[in-house]
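Notes for the one structure printed next.
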Amino acid sequence: MSIKLVASDLDGTIIDRNNNISEKNFKAIDKLHEKNIDFAICTGKSYSVSKKVCEQFNANFGIFGNGTQIIDFRTGEELLRNTLSKEDLLFCSTLAKRYNFHIHLYTDNEIITEELKYMDLRNFLLRNKNSTESLKFKIVDDIIGYIEKNSIEVFSAVISTESAILPSFENLLSINKNIVYTYISKRGKYRDTTINKDYEYLNISPLHINKNEALNFLATHLEIAKKDMLAIGDNVNDLEMVKEAGIGVAVKDAYDDLKNVAKYVTNASATEGAFAEAIEKFI
């Protein structure tokens, strides 16, 4: 097995939960470039939010929105774009408002929402102080009316709440066969110490979209086999890519579900250089 592409999640993997990057990880990325191994960032965040940190890492490719978009940083070309249809946006927004949940729509360069609450304020404004320059909010009075009147390309919709009823809401979403939903956070299991744990959210994306499917697309584009990929992550949205990669790695404090499918679990956390440990072991 000869690794030709390394794919890494951002938060909790190559960046720790305090938004710090180990110097070991930078050196590991330099090692990849020296060996002419492609490096791809795979994140649930949008391109506009992640652009600056990707530039720091000198990544070759970026997979954003859990696989909804792929950017080739070498050429600036967008290789893949998957967006939610207007029908799906109206379905999700109507359902969210009916149950008094909050919905946030992620486009190329802004988040469209009625209120800055829960996930937006806590996750971005508290954790990602360095990236808020590229993050813009568009506050609208009536998000359903805004969707009906405007043509917008939305990569993902996030539905959030501070109640404990999100699991039952997930079942309601399942009646729409055009979308797929992914738990990003679960009550009592969220590990970010800067964020209140009494909330949950769902990330809604187009059907058949995840990081692994995006990596399949990239593998075809680069004409490389999945067995020649190393993928590393820490969260449930990394599960498919870690399971299907030639070498799948979970960081020390990853979710148990991810550890169970990984071929290797690091001894180090993100803070301690988990990414660098994986590169040192397998490259």
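The values are calculated or read from the model by the stated rules, or taken from the named source; none is laboratory data. Keep in mind that this is a model prediction, so the values were computed, not measured. Ideal geometry is used to build each Cβ from the backbone, glycine not excepted, and the neighbour counts take in all protein chains shown.
Take the residues of region 68-94 that are of a type in the set (A, V, I, L, M, F, W, C) and outside any helix (DSSP H, G or I): which is surrounded by the most Cβ atoms within 10 Å (Cβ to Cβ)? Write out each step before concluding.
Our first condition is that a residue be of a type in the set (A, V, I, L, M, F, W, C); within region 68-94, this holds for 70-71, 73, 79-80, 84, 89-92.
Applying the additional criterion that residues be outside any helix (DSSP H, G or I) yields 70-71, 73, 79-80, 84.
On the way: Ile70: 24, Ile71: 24, Phe73: 18, Leu79: 16, Leu80: 18, Leu84: 26.
Among those that are of a type in the set (A, V, I, L, M, F, W, C) and outside any helix (DSSP H, G or I), it is Leu84.
Going through region 9-44 one residue at a time, which ones are part of a loop (DSSP other than H, G, I, E, B), surrounded by fewer than 23 Cβ atoms within 10 Å (Cβ to Cβ) and without any contact (Cβ under 8 Å) to a residue 40 or more places away in the chain?
Ile21, Asn36
Find the residue count for region 264-282, including only residues that are in a loop (DSSP other than H, G, I, E, B) and either among the small types (Gly, Ala, Ser) or at positive phi (or both). Before you say what the answer is, go through the steps one by one.
Pass one, region 264-282, residues in a loop (DSSP other than H, G, I, E, B): 266-273.
Narrowing further to those that are either among the small types (Gly, Ala, Ser) or at positive phi (or both): 268-270, 273.
Matching residues across region 264-282 total 4.
Evaluate the following for Ile159: is it within 30 Å of Leu79 (Cα to Cα) and at pLDDT 90 or above? Steps first, please.
Details: within 30 Å of Leu79 (Cα to Cα): yes; at pLDDT 90 or above: no.
It is false that Ile159 is within 30 Å of Leu79 (Cα to Cα) and at pLDDT 90 or above.
Residue-by-condition table, conditions (1) of a type in the set (Lys, Arg); (2) crowded, with 19+ Cβ neighbours inside 10 Å; (3) at pLDDT 95 or above:
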position	(1), (2), (3)
Asn171	no, no, no
Ile175	no, no, no
Leu202	no, yes, no
Asn210	no, yes, no
Leu239	no, yes, no
Asp256	no, no, no
Thr271	no, no, no
Ala276	no, yes, yes
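Within region 120-138, is there a residue that is among the charged types (D, E, K, R), within 14 Å of Ser46 (Cα to Cα), surrounded by 16 or more Cβ atoms within 10 Å (Cβ to Cβ) and modelled with pLDDT under 85?
If we filter region 120-138 for residues that are among the charged types (D, E, K, R), which is where we start, we get 120, 122, 127, 129, 133, 136, 138.
Cutting the leftovers down to within 14 Å of Ser46 (Cα to Cα) gives us 120, 133, 136.
Narrowing further to those that are surrounded by 16 or more Cβ atoms within 10 Å (Cβ to Cβ): 120.
Filter once more, so that each one left must be modelled with pLDDT under 85: 120.
Yes.
Residue-wise test of (1) within 23 Å of Arg81 (Cα to Cα); (2) in contact with a Gly (Cβ under 8 Å, 6 or more places away or on another chain); (3) assigned by TED's automatic domain parsing to the domain that holds Asn25; (4) surrounded by fewer than 24 Cβ atoms within 10 Å (Cβ to Cβ).
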| site | (1), (2), (3), (4) |
| --- | --- |
| Ala219 | yes, no, yes, yes |
| Lys226 | yes, yes, yes, yes |
| Met229 | yes, yes, yes, no |
| Lys243 | no, no, yes, yes |
| Val251 | no, yes, yes, no |
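So that you can scan it fast, the table gives a plain yes or no per residue for (1) over 13 Å from the mean Cα position of the chain (by Cα); (2) at pLDDT 95 or above; (3) among the aromatic types (Phe, Trp, Tyr):
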| residue | (1), (2), (3) |
| --- | --- |
| Ser2 | yes, no, no |
| Gly12 | no, no, no |
| Asp16 | yes, no, no |
| Ser22 | yes, no, no |
| Lys31 | yes, yes, no |
| Ala40 | no, yes, no |
| Phe61 | yes, yes, yes |
| Phe64 | no, no, yes |
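With the condition kept exactly as written, say whether any residue in region 95-103 is part of a strand (DSSP E or B), surrounded by fewer than 23 Cβ atoms within 10 Å (Cβ to Cβ) and at pLDDT below 90.
Initially, region 95-103 is screened for residues part of a strand (DSSP E or B), giving 102-103.
Next, only the ones that are surrounded by fewer than 23 Cβ atoms within 10 Å (Cβ to Cβ) stay: 102.
Adding the requirement that they be at pLDDT below 90 leaves 102.
Checking region 95-103: at least one residue is part of a strand (DSSP E or B), surrounded by fewer than 23 Cβ atoms within 10 Å (Cβ to Cβ) and at pLDDT below 90.
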